[in-house]
Amino acid sequence: MFESFEDRIRLQGGAALSEFASPYQDFRKYRSSVSPGVELGVNVIKPSRPGPVLATLHGWHMSMPMPERRERPLEGNRYLLLQVDMRGRAFSTGRPDCNGFELMDVYDAVAFARREYAAYIADPEIVYLEGGSGGGGNVLAAAAKLPDLFAAATSFYGVSDYASWYEQDTIGEFRDEMDVWIGCAPADDPERYRARSGLSLAANVYTPLYLAHGDADVRVPVSHSRAYVEAMRRVGKGGLVRYEELPGIGGRGHLDNASEALRRRLAANSERHRADHARPIALPPRGRLTVGGFVATKRFRVALENVDQVAELSYDLERGLYRLTASKPYRYTLVTANGERREGVCAVAE
């Protein structure tokens, strides 16, 4: 499971691969709900009997695993397993945008699975998320931008702050892609980086999280997980996080020096975390959310003019009240679950 979280060479040229089905694994394509013309690939691994949904996210330089036909159940699998290929990767079209609308690709994959694979899902409200490295960074942001979608989530050695990651990348291994995918360096537009970083959006989180990180990790320094845990504590949500720091683990590979026993333990801990949290998340009837480009909940969705912007949303579901403030008069669109559409301009914060 950990191989797809490493930052190795990305597969190429798979977007032209045709869909196929087999008894226990299908390769499917689905349309983005927010980016016209963008088509995403997903491996759908089917359980032998209905179970929860588990979406998994690959590493920064990776794609989902190569699609394959599966004649027998995946050993030990109890999930409808969705291996999501993020936009612009090997099996999907579109352009990567680093925790922008690519996180809606996960939302859309879950919606697609609920429609197309309902017979394999025990409870459509129980959805889990897991990722590592760049995918772990996706998990931390997705838990904030999709705050009531996931019953539990796991982030292995995840990126929590893309501005600091940019500065830590002294050899340009990830910085060159951030320049393109985000559009500039953090010093040129800090807001773009806040809009994408789980660290900046921690107050939104209602999903129980399991984090694990080696303290010798070079490519994603352990400071990312430490800072995230501290941020969650500061906003009064430390109880949602279980953090395991791994002494002496990491290097150029995230799990360098890790024994097979440790790898099995990490996988077992992630599985136990999901088993311990088998209830759907309910958003409070009133509260505040930080909108990093967008936020999508069961009751409403809010999108700013683009994914680079940040606003603060105050909402009251019982009264149907929503108010957005931002550093500039950004335009926004809000759509409620009953289809009501509102457009407006953020009030400028004092």
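The values are calculated or read from the model by the stated rules, or taken from the named source; none is laboratory data. Remember, predicted model here, so these are calculated numbers, not experimental data. Methodologically, a virtual Cβ is constructed for each residue, glycine included, from the backbone with ideal geometry; neighbour enumeration extends over all protein chains shown. The accessibility values were calculated without ligands, DNA or RNA, using every heavy atom of the protein model including side chains. Shrake-Rupley method; radii C 1.70, N 1.55, O 1.52, S 1.80 Å.
Details
- Counted by Cβ distance under 14 Å from G292, the other residues give a net charge of -2, where Lys and Arg count +1 and Asp and Glu count -1.
- Split the accessible area of segment 214-253 by element, probe 1.4 Å, and carbon with sulfur accounts for 54%.
- Debye log10 I(q)/I(0) for segment 178-241, one point scatterer per Cα, at q = 0.12, 0.18, 0.25 Å⁻¹: -0.37, -0.78, -1.07
- J(HN,Hα) series, segment 289-305, from Karplus relation 6.51 cos²θ - 1.76 cosθ + 1.60, nearest Hz, glycine and proline x: 9, 8, 9, x, x, 7, 8, 10, 10, 5, 9, 6, 10, 10, 10, 7, 4
- Model label points for S327 and A216, set 7 angstrom from Cα along the Cα-to-Cβ axis, are 4.0 nm apart.
- Given +1 at the Cβ of Lys and Arg, -1 at the Cβ of Asp and Glu and no other charges, the dipole of the chain around its Cα centre is 1100 debye to the nearest 20.
- Whole-angstrom gap from segment 291-339 to segment 100-130, using each part's C-alpha centre: 22
- Per-selection Kirkwood Rh - segment 228-350 (Cα, Å, 1 d.p.): 17.8
- Over segment 134-215, equivalent-ellipsoid semi-axes from the Cα gyration tensor in Å: 23, 15, 9
- Distribution of pairwise C-alpha distances over segment 23-89, 5 Å bins, in %: 4, 17, 25, 24, 17, 9, 4, 0
- Geometric extent, Cα atoms of the chain - Rg, Dmax (angstrom): 19.1, 61
- Each of F300, A278, A268 was placed along the dipole of segment 268-312 (beta-carbon charges, centred on the mean Cα), and the one lying farthest toward the positive end is A278.
- Three semi-axes of the equivalent ellipsoid, segment 37-190, Cα gyration tensor, whole Å, largest first: 29, 15, 14
- Positive-end residue of S314, G251, A141, charge dipole of the chain with Cβ unit charges: S314
- Residues whose amide H lies under 5 Å from that of T154, counting only those 5 or more places away or on a different chain, are L129, E130, G131, Y210; hydrogens are built 1.01 Å from N in the peptide plane.
- Modelled label reach - Y24, point 7 Å along Cα→Cβ, segment 109-132 residues with backbone N closer than 17 Å: 120-121
- Scattering curve values for segment 75-150, log₁₀ I(q)/I(0), Debye with Cα scatterers, q = 0.22, 0.25 Å⁻¹: -1.11, -1.32
- Cα coordinate range in segment 118-277, projected on the principal axes (Å, largest first): 46, 35, 34
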